[in-house]
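Peer 1: The structure's right below; bear with me while I get my questions together.
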Amino acid sequence: LQRRKILLHTSLKVKRDSFPGVATNLAAVSPWAVHCVTERVARGDTVSANNDDERSVLRLMKEVEVITSEVPGSAHARAHMRNEIRGLMCERGLPSFYVTINPADVYNPLV
């Protein structure tokens, strides 16, 4: 279910002045170069490239930012929730009463 939300609600963010160059580089990169760089990054190597296609993929990784706004648990979703809480605090004031319910994990059958 979360994988579906990631596929449906992921967008790419690029600075306005670098958009034409990023768009042409994104269209020109081969899927094989992306695959090779992905495997290399998964192993921990983020700086080496064997050819020009891989160098352009690494350059794209630096210039393009991935936004996952509606995916629960993503960084952007957490920032959105924090902004909602701040807005509520501005509108209705600071909360004056906090309740934290934490059942004892030794005695409670739910935990």
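Peer 1: Top to bottom by accessible area (1.4 Å), largest first, where do C36, C90 land?
Peer 2: Solvent-accessible surface, decreasing: C90, C36.
Peer 1: Using a cut-off of 20 Å between alpha-carbon atoms, which aspartates and glutamates can reach K13, once sequence neighbours fewer than 8 places away in the same chain are excluded?
Peer 2: Straight-line reach from K13, under 20 Å: E63, E65, E70.
Peer 1: Can you report the principal axis dimensions of the chain using only the alpha carbons, biggest first, rounded to whole angstrom?
Peer 2: In descending order, the Cα extents are 59, 40, 25 Å.
Peer 1: So, with +1 on the Cβ of K and R and -1 on the Cβ of D and E, and no other charges, what is the size of the charge dipole of the chain about its Cα centre, to the nearest 20 debye? Numbers along the way, then the final one.
Peer 2: On the way: 15 positive and 12 negative charges, 46 e Å.
The dipole of the chain has a size of about 220 debye.
Peer 1: Using the beta-carbon distance between L94 and E70 and R0 = 30 Å, what value does 1/(1 + (r/R0)^6) give for FRET efficiency, to the nearest 0.05?
Peer 2: Efficiency for this residue pair is about 0.60.
Peer 1: Now, a different point. Within the set of other residues whose C-beta is less than 15 Å from the C-beta of Q2, count the net charge using Lys and Arg as +1 and Asp and Glu as -1. Mind dumping the intermediate values first?
Peer 2: Numbers: positive: R3, R4, K5, R78; negative: E70.
Charge balance in the 15 Å sphere: +3.
Peer 1: Around K62, with a cut-off of 14 angstrom between Cβ atoms, what is the net charge of the other residues, counting Lys and Arg +1 and Asp and Glu -1?
Peer 2: Its environment carries a net charge of +1.
Peer 1: Can you give the net charge of the other residues whose Cβ lies under 13 Å from the Cβ of V71, counting K and R as +1 and D and E as -1?
Peer 2: +3
The values are calculated or read from the model by the stated rules, or taken from the named source; none is laboratory data. All of these numbers come straight from a predicted model, not from anything done at the bench. Please note: Cβ atoms are built from the backbone with ideal geometry, for glycine as well, and neighbour counts cover all protein chains shown. Please note that ligands, DNA and RNA were not included when accessible areas were found on the heavy atoms of the full protein model with its side chains. Shrake-Rupley method; radii C 1.70, N 1.55, O 1.52, S 1.80 Å.
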